[in-house]
Amino acid sequence: MENEYRRDIKSLTLSQLKEEMEALGEKSFRARQLYEWMHVKLAERYEEMSNIPHKLLDQCRERYTYTVLKKIRMQESKLDGTRKYLFELADGNTVESVWMRYKHGNSVCISSQVGCRMGCRFCASTLDGLERNLLPSEMLEQIYAITRHTGERVSNVVVMGTGEPMDNFDNLLQFITLLTDENGLHISQRNITVSTCGIVPRMYQLADRHLQITLALSLHAATNEKRRELMPVADRYSLEELMEVCACYFEQTGRRITFEYSLVKDVNDTIEDAEQLIRLIKGLNCHVNLIPVNPIKERDYIQSERRAVEQFKEYLEKNGINATVRREMGRDIDGACGQLRRRHSNEIDKVADISEKSI
């Protein structure tokens, strides 16, 4: 079996797992037991599964990979208790996740890819390009590993870390299916937010699924010219196309769109920019989430001043646009997506350089 493709058991739905068990000549209730160990009890290894026969566990070890992430670093904010995790995958790659405690419950922001190929100018996640997609189990395990570490239930999940979720579409859908399954963690679809930089065909496909998740579009500019400067994806899909698919998404799902708008000083934070944004999204059932940009050393972008942020928000609200300023969480712990992973990678490279020079 070693040279054959092995399925990832934690990425299988309960019905798929039942099919696997039947193929092994097992009763279907064994699938439910395995599923509970993986997705409710959050077992880290087969050895913990005390009510499963040893023979079946041996078959599972032989036939399936069992995904568990290794925590290699955790930073906790002294400001608000936010925790940022760096996890190692089975192939040695690393991903970041963030745990945030709110009054309404604990929220986890997860990554959907190792790296990213979207190239957004102000994002650290994309600086080294895309390494690979994450499996459904690797997305789930970020939540499971944090739950095991904190001992607290996660009630809200945001797919807004490293990577473009729509660029990993099939695995994203399987992840949502597993996460919301009543036999697993059973997190409500309404408590899941998926972010995208605007891959229009995938957004239409998502709308056709009629899910009750929140779709967050990374907008960041209200004209095609300015958006192209910030986001290469704007070369492929215009704002007019994006507004059409956003209207379709609301029509298909009844869920309002969230527009993510990172405010960059002297780039997109003027009252004129606010006026252009109002003209663009007026009439859509939407909410604008204003984000003071997290500066990264590889780029020259500077965070907008507090007064400019407030003026921008107030102008939107006066014109009937619902807007909030995102509360900055974990600012003192490599807050922006990709910063912790990139710093860890640079540290490893430095150690390798020193080792080579000493030989």
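Can you tell me which residue in segment 122-135 is surrounded by the fewest Cβ atoms within 10 Å (Cβ to Cβ), limited to those that are more than 16 Å from I291 (Cβ to Cβ) and aliphatic (A, V, I, L, M)?
Residue satisfying both the conditions and the ranking: L127.
Please verify whether segment 105-116 includes one or more residues that are assigned to a helix (DSSP H, G or I) and of a type in the set (S, T, N, Q).
No, because not a single residue in segment 105-116 is assigned to a helix (DSSP H, G or I) and of a type in the set (S, T, N, Q).
Return the only residue of S50, S15, S28, S107 being in contact (Cβ under 8 Å) with a residue 12 or more places away in the chain and hydroxyl-bearing (S, T, Y).
None of the other options fit; the residue is S107.
Does G119 count as surrounded by fewer than 22 Cβ atoms within 10 Å (Cβ to Cβ), free of Cβ contacts under 8 Å to residues at least 24 places away in the same chain and either small (G, A, S) or not assigned by TED's automatic domain parsing to the domain that holds H220 (or both)? Spell out the reasoning first.
On the way: surrounded by fewer than 22 Cβ atoms within 10 Å (Cβ to Cβ): yes; free of Cβ contacts under 8 Å to residues at least 24 places away in the same chain: no; either small (G, A, S) or not assigned by TED's automatic domain parsing to the domain that holds H220 (or both): yes.
No, not satisfied.
The residues of segment 224-269 that are among the hydrophobic types (A, V, I, L, M, F, W, C), in contact (Cβ under 8 Å) with a residue 60 or more places away in the chain and not in a helix (DSSP H, G or I), listed by number, are M231, V264. Of all positions in segment 84-100, none carries a residue that is at pLDDT 95 or above, buried (at least 16 other Cβ atoms within 10 Å of the Cβ) and in a helix (DSSP H, G or I). Tell me, yes or no, whether segment 158-172 has at least one residue that is in contact with a Gly (Cβ under 9 Å, 6 or more places away or on another chain), over 20 Å from K10 (Cβ atoms) and not in a helix (DSSP H, G or I). Yes, segment 158-172 contains at least one residue that is in contact with a Gly (Cβ under 9 Å, 6 or more places away or on another chain), over 20 Å from K10 (Cβ atoms) and not in a helix (DSSP H, G or I).
Among the conditions (1) touching a Phe, Trp or Tyr at 6+ places or on another chain (Cβ under 8 Å); (2) closer than 29 Å to L263 by Cα; (3) without any contact (Cβ under 8 Å) to a residue 40 or more places away in the chain, K70 misses just one, which is (2).
Please verify whether D58 is surrounded by fewer than 15 Cβ atoms within 10 Å (Cβ to Cβ), not assigned by TED's automatic domain parsing to the domain that holds V233 and not hydrophobic (A, V, I, L, M, F, W, C), treating the condition exactly as stated. Answer is yes for this residue. I278 meets each of the listed conditions (1) assigned to a strand (DSSP E or B); (2) modelled with pLDDT of 95 or more; (3) β-branched (V, I, T) apart from (1).
Yes or no: H186 assigned to a loop (DSSP other than H, G, I, E, B), in the same structural domain as S155 (by TED's automatic domain parsing) and surrounded by 23 or more Cβ atoms within 10 Å (Cβ to Cβ)?
no
Is one or more of the residues making up segment 47-55 surrounded by 14 or more Cβ atoms within 10 Å (Cβ to Cβ) and not assigned by TED's automatic domain parsing to the domain that holds L185? Among the residues of segment 47-55, at least one is surrounded by 14 or more Cβ atoms within 10 Å (Cβ to Cβ) and not assigned by TED's automatic domain parsing to the domain that holds L185, which makes the answer yes. Please verify whether S77 is farther than 26 Å from R236 by Cα, surrounded by fewer than 23 Cβ atoms within 10 Å (Cβ to Cβ) and within 14 Å of the chain's Cα centre (by Cα), treating the condition exactly as stated. For S77, the condition - farther than 26 Å from R236 by Cα, surrounded by fewer than 23 Cβ atoms within 10 Å (Cβ to Cβ) and within 14 Å of the chain's Cα centre (by Cα) - is not met.
There is no residue in segment 144-155 that is crowded, with 23+ Cβ neighbours inside 10 Å and either outside the structural domain of S238 (by TED's automatic domain parsing) or not in a helix (DSSP H, G or I) (or both).
Here A90 passes the criteria (1) in contact with a Lys or Arg (Cβ under 8 Å, 6 or more places away or on another chain); (2) in the same structural domain as G115 (by TED's automatic domain parsing) except the one numbered (1).
The values are calculated or read from the model by the stated rules, or taken from the named source; none is laboratory data. Keep in mind it's a predicted model, so treat the numbers as computed, not measured. Using ideal geometry, Cβ is built from the backbone for each residue, glycine included, and neighbour counts are taken over all protein chains shown.
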